[in-house]
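S.K.: Before I ask anything, here is the structure I am working with.
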Amino acid sequence: MTPVFYRVLRTRQETRDTFTLDLEPPAGTEVLRFSPGQFNMLYAFGVGEVPISVSGDPGRTRSLIHTIREVGAVTHAMRKLKRGDPLGVRGPFGNSWPVEEGFDRDVVIVAGGIGLAPLRPSLYSILTHREKYGRVVLLYGTRTPDDILFRKELESWRAHLDLSVHVTVDRAMASWRGSVGAVTSIIPRARFDSSSALVMICGPEAMMRFTVLELQNHGVGLDQIYVSTERNMKCAIGFCGHCQLGPTFVCKDGPIFRYDRIQPFFEIREI
Amino acid sequence: MTGQFSEQQRILESGHLQKLIEALSNSGHRIIGPTVRDGAIVYGDLNSADDLPSGWTDEQDGGTYHLKKRNDKALFGFNQGPDSWKKFLFPPRTRLWQADLKGKTPEITNEPATEQKMAFIGVRSCDLHAIDVQDRVFIQPAIANPSYQVRRQGAFIVAVNCGQAGGTCFCTSMNTGPRASKGYDLALTEIIEGERHYFLVQVGTERGLEMIEKVPTRSAGATELEKAKAVVARAAGQMGRQMDTTGIKDLLYRNYRNPRWENVASRCLTCANCTMVCPTCFCSTVEDVTNLKGDHAERWQRWDSCFTMDLSYIHGGSVRTSTKARYRQWMTHKLATWIDQFGTSGCVGCGRCITWCPVAIDITEEVRAIRESEERIEETTEGHHGNT
Amino acid sequence: METLRPILAEHPFFQNLEEHHLELIVGCASNVRFDAGDFVFRHGEQANQFYLIREGMVSLEMFVTGRGPVKVQTIGEGDILGWSWLVPPYRWMFDAHATELTRAVALDGKCLRNKSEQDHDLGYQLLKRFATVVQENLDAARLQILNIYEVSA
């Protein structure tokens, strides 16, 4: 598969190391359709290609939105892109968040750091059909208040009467008036039916593991929890062998897994 | 494939093998087969049957390989060398596409499919299975690797049944040989008795039949069929290694934390030889390169190995940094997770990884050690029960 | 003090106590209120109380020269604040600062310490409950110092 070159419509710096690109497709073509949780391989011409989850609304077809954290040469090149610059897109790849499994159930979304970006599309889907779901809770943890992603949007979500939003940081200065503590400490703040809720978690692997344990302590079953995993990817179509996690290829069997199915492998060090 | 052609068994005199090669060459095939080079028998282009390793054999063991002269003129009297047919079906370096920056928009030029079709001479049964294993990787129901598919469909396969087994062979343990049973166009069994030197030819496909009919052969007699069977039986009885594959998938799934991994890690150099010589290893990586002006870019694919730190690198570091984790990944993938991914084992018992490991790590011994470590734990538990 | 009994009895922290123990605890309880910006306690002060937060938020802080007060944890509605009253030398390690109007029930730690010396069953019940508080806080603190949201070098 070869990349299709989209064009940068808009760029926005979200936090000190994270930015969002708004992309339009080549003239005369439609924006690719994706499901929440899927990713594209984004190609910075001549530099390289990396897997990035789509962070926009799957129901919105005018442009393609990716939120990217600058961590290396390729993402550095992407941060330098300006309006009108080309960016190669291959995809969408991977499976998606099981949002429909949340019908008539409470839905709990737990995000850590940049993990809020791959989860945002599922929240958009839920809000588009809010009446189909029970209570909807968003728990978000990050390092400091300056690292809060999509802050304005979080505030507007919190203003919804039928959405419960709790944000916490690992540490803060005096000007922060919100919660300080690990993301696990805000789980008790949320009201949801632990025996039947659908839980979707995305963030650093350690954060996902300890969040799962904390949820278990609150009576949530491992078959109610979905996590999004990440591995090195080159081909994104199951040929190159890079993204293996035990017997699974994260690019096509994942990146989203029901926790009880991945647990034996997920908890082995350096697997 | 063989069923309908099982009546088609011919005898080809060794001197006429050249005619088969010519027939293949005249129909546009690039002829590839074993040849002696740099002290080993490797697969390369053949100009004629004279390029075959006539009268050569090899002696192999853990970390050991050298050629030895035979006392006959057998053309295929040796076992596996350091390379396999994956070198041709899944080349070590290929360009995927090129792109040029025209104004602000890059334009991609795909690679044209201009490769010549190939004829493989002397494919051993283990390698036939290895090709099938790689078919399952690259020709999948959902999405297939198009260039692999083209090369694969064009490849004419002349298999060879082994007449002897090597010091590191264990195809019988993996049910992959020594007799070629499927996946070939023609299969040869070399028989030498005194002055007589001929091949029993088994036809595998329609196009195999068409090709052999261009070459002088006569039909095989009962004694010749018996002799061919004896040749293969001799090889089956000489296996240098053995692997018990009973419940091997679950055995390895249970033992991710076995201390044996530390033991093998203390020996393993992570040199990646095993992955390069293995006929089923398929890890590859992609390199994006540009010219100095930055207006021309190319994407190249090349072989990779799970023994590199780079393979599992994600921002912040590699997932598998320790040697232990990387060796464990290779072995558990080859023997266990491969089964869940592709429906067969990834190992065909060719023994190359044992021969070409500089420190002679032996995959059959590692499996044995893990199995035995479980038996020791059972014994210990029983012992305690006895004492209380 | 009668008005505080139902508040304490309903709180999960004080469930399953024997009647006379609950009475003792209620006897050591009082209503307190902190305006936004008030200190509940300060680093170095004698620790003779603990608090059940009824509404509002208190943040545990440490003043770091050159950086200012750094918040390491917030304690909110329904949470228990403070265990230093249980462990000699009974001194607060951190500052506790009300970030908004906070109402709490203050429990007289010195009084409960003395009563626990006489009635070990009461002591055991209190220590059992505080072990959970300490464990949760310690786990959370360790997760916070992992600094998992950073991209490692």
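The values are calculated or read from the model by the stated rules, or taken from the named source; none is laboratory data. Fair warning: this is a prediction, and the values are worked out from it, not measured in the lab. Positions of Cβ are backbone-derived with ideal geometry, glycine not excepted, and every protein chain shown enters the neighbour counts.
S.K.: Given B:Asp51, B:Asp132, B:Asp38, which one is within 30 Å of B:Trp338 (Cβ to Cβ) and not hydroxyl-bearing (Ser, Thr, Tyr)?
M.R.: Exactly one of B:Asp51, B:Asp132, B:Asp38 is within 30 Å of B:Trp338 (Cβ to Cβ) and not hydroxyl-bearing (Ser, Thr, Tyr), namely B:Asp132.
S.K.: Please enumerate the residues belonging to segment C:1-11 that are under 19 Å from the mean Cα position of the chain (by Cα), in contact (Cβ under 8 Å) with a residue 12 or more places away in the chain and either surrounded by fewer than 12 Cβ atoms within 10 Å (Cβ to Cβ) or not in a helix (DSSP H, G or I) (or both).
M.R.: Of everything in segment C:1-11, just one residue is under 19 Å from the mean Cα position of the chain (by Cα), in contact (Cβ under 8 Å) with a residue 12 or more places away in the chain and either surrounded by fewer than 12 Cβ atoms within 10 Å (Cβ to Cβ) or not in a helix (DSSP H, G or I) (or both), namely C:His11.
S.K.: Only one residue in A:Arg105, A:Arg69, A:Arg130 is away from chain B (no Cβ under 14 Å), free of Cβ contacts under 8 Å to residues at least 60 places away in the same chain and either of a type outside the set (S, T, N, Q) or over 29 Å from A:Gly178 (Cα atoms) (or both), so which one is that?
M.R.: Going through A:Arg105, A:Arg69, A:Arg130 in turn, just one is away from chain B (no Cβ under 14 Å), free of Cβ contacts under 8 Å to residues at least 60 places away in the same chain and either of a type outside the set (S, T, N, Q) or over 29 Å from A:Gly178 (Cα atoms) (or both): A:Arg130.
S.K.: Of all residues in segment B:228-241, which are surrounded by 13 or more Cβ atoms within 10 Å (Cβ to Cβ) and outside any helix (DSSP H, G or I)?
M.R.: B:Gln238, B:Met239, B:Gly240, B:Arg241
S.K.: Select from segment B:305-327 the residues that are under 25 Å from the mean Cα position of the chain (by Cα) and small (Gly, Ala, Ser) and write down the one among them that is nearest to the other protein chains (Cβ to nearest Cβ).
M.R.: B:Ala325
S.K.: Now, a different point. Out of the residues in segment C:53-67 that are farther than 16 Å from A:Arg189 by Cβ and either in a loop (DSSP other than H, G, I, E, B) or of a type outside the set (Phe, Trp, Tyr) (or both), state the one that is farthest from the other protein chains (Cβ to nearest Cβ).
M.R.: Once the filter is applied, the top-ranked residue is C:Thr65.
S.K.: Further question on the same structure: Of the residues that make up segment B:357-366, is at least one under 30 Å from B:Arg95 (Cβ atoms) and crowded, with 16+ Cβ neighbours inside 10 Å?
M.R.: There is no residue in segment B:357-366 that is under 30 Å from B:Arg95 (Cβ atoms) and crowded, with 16+ Cβ neighbours inside 10 Å.
S.K.: Another question, if that's okay. Quick one: count up the residues across segment B:234-287 that are over 25 Å from A:Phe265 (Cα atoms), more than 11 Å from every other protein chain (Cβ to nearest Cβ) and of a type in the set (Val, Ile, Thr).
M.R.: 1
S.K.: Here are the criteria: (1) more than 9 Å from chain A (Cβ to nearest Cβ); (2) among the hydrophobic types (A, V, I, L, M, F, W, C); (3) part of a strand (DSSP E or B). Tell me which single one C:Val70 does not satisfy.
M.R.: Condition (1) is where C:Val70 drops out.
S.K.: Let me ask something else. What do you reckon, is A:Leu81 within 14 Å of chain B (Cβ to nearest Cβ), closer than 30 Å to B:Gly103 by Cα, at pLDDT 95 or above and part of a strand (DSSP E or B)?
M.R.: So A:Leu81 does not fit the description; no.
S.K.: If you don't mind, there's one more thing I want to ask. Please pick out the residue among B:Leu209, B:Leu225 that is surrounded by fewer than 18 Cβ atoms within 10 Å (Cβ to Cβ), over 30 Å from B:Cys283 (Cβ atoms) and touching a Leu at 6+ places or on another chain (Cβ under 8 Å).
M.R.: Residue meeting the stated conditions: B:Leu225.
S.K.: Just need a number here: residues in segment B:175-198 that are outside any loop (DSSP other than H, G, I, E, B) and within 23 Å of the chain's Cα centre (by Cα).
M.R.: Number satisfying all stated conditions: 5.
S.K.: Return only the number of the condition from (1) more than 13 Å from every other protein chain (Cβ to nearest Cβ); (2) within 28 Å of C:Gln135 (Cβ to Cβ) that A:Ser228 does not satisfy.
M.R.: All conditions are met except number (2).
S.K.: Turning to a different aspect of this structure: Given the condition surrounded by 20 or more Cβ atoms within 10 Å (Cβ to Cβ), within 14 Å of chain B (Cβ to nearest Cβ) and assigned to a strand (DSSP E or B), answer yes or no: does some residue in segment A:24-38 qualify?
M.R.: So far as segment A:24-38 goes, no, none of its residues is surrounded by 20 or more Cβ atoms within 10 Å (Cβ to Cβ), within 14 Å of chain B (Cβ to nearest Cβ) and assigned to a strand (DSSP E or B).
S.K.: Still on this structure: Against the definition (of a type outside the set (D, E, K, R), on the phi < 0 side of the Ramachandran plot and assigned to a loop (DSSP other than H, G, I, E, B)), how does B:Gln149 come out, yes or no?
M.R.: In short, no.
S.K.: Quick one: in segment A:168-221, which of the residues that are among the basic types (Lys, Arg) and within 7 Å of chain C (Cβ to nearest Cβ) is farthest from the chain's Cα centre (by Cα)?
M.R.: Ranking the qualifying residues of segment A:168-221, first place goes to A:Arg177.
S.K.: Output the residue which, of all residues in segment B:304-325 that are crowded, with 16+ Cβ neighbours inside 10 Å and touching a Ser or Thr at 6+ places or on another chain (Cβ under 6 Å), is farthest from A:Phe249 (Cα to Cα).
M.R.: Restricting to residues being crowded, with 16+ Cβ neighbours inside 10 Å and touching a Ser or Thr at 6+ places or on another chain (Cβ under 6 Å), the top hit is B:Thr323.
S.K.: Another one. Go through segment B:145-196 and give me each residue that's charged (D, E, K, R) and in contact (Cβ under 8 Å) with a residue 40 or more places away in the chain.
M.R.: Residues satisfying the conditions are B:Arg151, B:Arg152, B:Arg179, B:Lys182, B:Glu190.
S.K.: Starting from segment B:296-311, take each residue that is free of Cβ contacts under 8 Å to residues at least 24 places away in the same chain and list its partners that are aliphatic (A, V, I, L, M) and surrounded by 22 or more Cβ atoms within 10 Å (Cβ to Cβ), counting only C-beta distances under 8 angstrom and pairs at least six apart or across chains.
M.R.: Listed by first residue and then by second, the contacts come to B:Asp304/B:Leu311.
S.K.: Go through (1) in contact with a helix residue (DSSP H, G or I) (Cβ under 6 Å, 6 or more places away or on another chain); (2) within 19 Å of B:Val277 (Cβ to Cβ); (3) surrounded by fewer than 16 Cβ atoms within 10 Å (Cβ to Cβ) one by one and return the number of the condition B:Arg93 breaks.
M.R.: (1)
S.K.: All but one of (1) in contact with a helix residue (DSSP H, G or I) (Cβ under 9 Å, 6 or more places away or on another chain); (2) surrounded by fewer than 16 Cβ atoms within 10 Å (Cβ to Cβ); (3) closer than 30 Å to B:Ala144 by Cα; (4) of a type in the set (S, T, N, Q) hold for A:Gln13; which doesn't?
M.R.: Single failed check for A:Gln13: (3).
S.K.: Considering only residues of segment C:73-97 that are without any contact (Cβ under 8 Å) to a residue 40 or more places away in the chain and not hydroxyl-bearing (Ser, Thr, Tyr), which is nearest to the other protein chains (Cβ to nearest Cβ)?
M.R.: So the residue we want is C:Gly76.
S.K.: Kindly indicate the residue of segment B:328-345 that is more than 11 Å from chain A (Cβ to nearest Cβ) and either small (Gly, Ala, Ser) or farther than 19 Å from B:Thr176 by Cα (or both) and also surrounded by the most Cβ atoms within 10 Å (Cβ to Cβ) among those meeting that condition.
M.R.: The qualifying residue surrounded by the most Cβ atoms within 10 Å (Cβ to Cβ) is B:Ser345.
S.K.: Six or more apart or on different chains, Cβ atoms under 9 Å: show the pairs whose first residue is in segment B:199-212 and over 16 Å from B:Ser125 (Cβ atoms) and whose second is among the basic types (Lys, Arg).
M.R.: As it stands, the answer is B:Val203/B:Arg10; B:Ile212/B:Arg10, since those pairs meet every condition given.
S.K.: Name the residue that is farthest from the other protein chains (Cβ to nearest Cβ), counting only residues in segment B:98-144 that are crowded, with 23+ Cβ neighbours inside 10 Å and of a type in the set (S, T, N, Q).
M.R.: B:Ser125
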